[in-house]
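No value in this document is a laboratory result; all are computed from the given coordinates. Just so it is clear, the model here is predicted, and its values are computed rather than measured. Every residue, glycine among them, receives a Cβ derived from its backbone with ideal geometry; neighbour counts consider all protein chains shown.
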């Protein structure tokens, strides 16, 4: 098991609209004269605010949304943050660093770093902190129709269990632990969520390349899943800018194409094969959130592996 660890610094930014957070990544498609456009997002938090990162207006995502919440009691403007879900929205709140006190439905939950709280439809959530910095990622799924109770998942409680999958063991640079925080252990309409920690600097994540479109090698049908990756990157080289290369090849394409992702960026990986390559100096982790196209069809392992890589799991 790879031990979870903080990677990267707390990097708040100034307020920005969802439209200005959208970054048009471009990747060279070998053998073609055109560039592929890739949906990338600035996911840096804003101190003492809830910042919308991925929305329906700045992305092609049908169901998934993302926001960041940063609370710093010693900074100006601190007060508890309130989030009100619509009657067709479910959400989860994941603590990137610090600790959070989250009130929902008359109960209060204390979350530590890497813990996550699932919240069902239509709830009112209030978030506060007593730590110097509380940094939270919020993922939401829309167009949901079954209300499930809130569920707290402590990261430490799933470490060493079947929900902590040690994968990539065939190749040293792909070794990692995938922590499935919101899986079949939690009832939800569309959401699946977890974090992945690499065993080695310069590792390869999400390997082998795979695609959450199990209706066939070219399609996203009713059993498919949308997915957002959110990266934290750090480098062992002084003054270096850490980044990873994210595959954005489509099913059916014979060759790979990659786009650069930097610390605190998120990407819509839905239409692409997933594998992530880091330079030798870069350590990284990422959170991943899946949104099922069909409610309650939440088996995240129903995937298409790139042809020729079937024996690499």
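Sorting 20, 305 by the number of Cβ atoms found within 10 Å of their own Cβ, with the fewest placed first, yields 20, 305.
This ranking places 241, 178 by how few other beta-carbon atoms lie within 10 Å of each, fewest first, which gives 241, 178. For region 77-184, the average shadow cast by the Cα convex hull is 8.6 nm², which is a quarter of the hull's surface. Across region 24-312, the mean sequence separation of Cα contacts (distance under 8 Å, 6 or more residues apart), normalised by length, yields a relative contact order of 18 percent. Counting other Cβ atoms within 10 Å as a rough exposure proxy, the listed residues 230, 260 run 260, 230 from fewest neighbours to most.
Using just the alpha carbons, could you tell me how many Å³ per residue the convex hull of region 232-310 encloses?
113
Could you give the distance between the Cα centres of region 241-313 and region 100-151, to the whole Å? That distance is 26 Å.
Using only Cα coordinates, the Kirkwood hydrodynamic radius of region 1-74 works out to 14.6 Å.
Temperature 37 °C, viscosity 0.692 mPa s: under these conditions the Stokes-Einstein estimate for the chain, based on its Kirkwood radius over C-alpha pairs, is 167 µm² per second. Once divided by 2.2 N^0.38 Å, the Cα radius of gyration of region 161-298 becomes 1.05.
What ratio of Cα Rg to 2.2 N^0.38 Å holds for region 1-135? Normalised Rg, Cα atoms only: 1.20.
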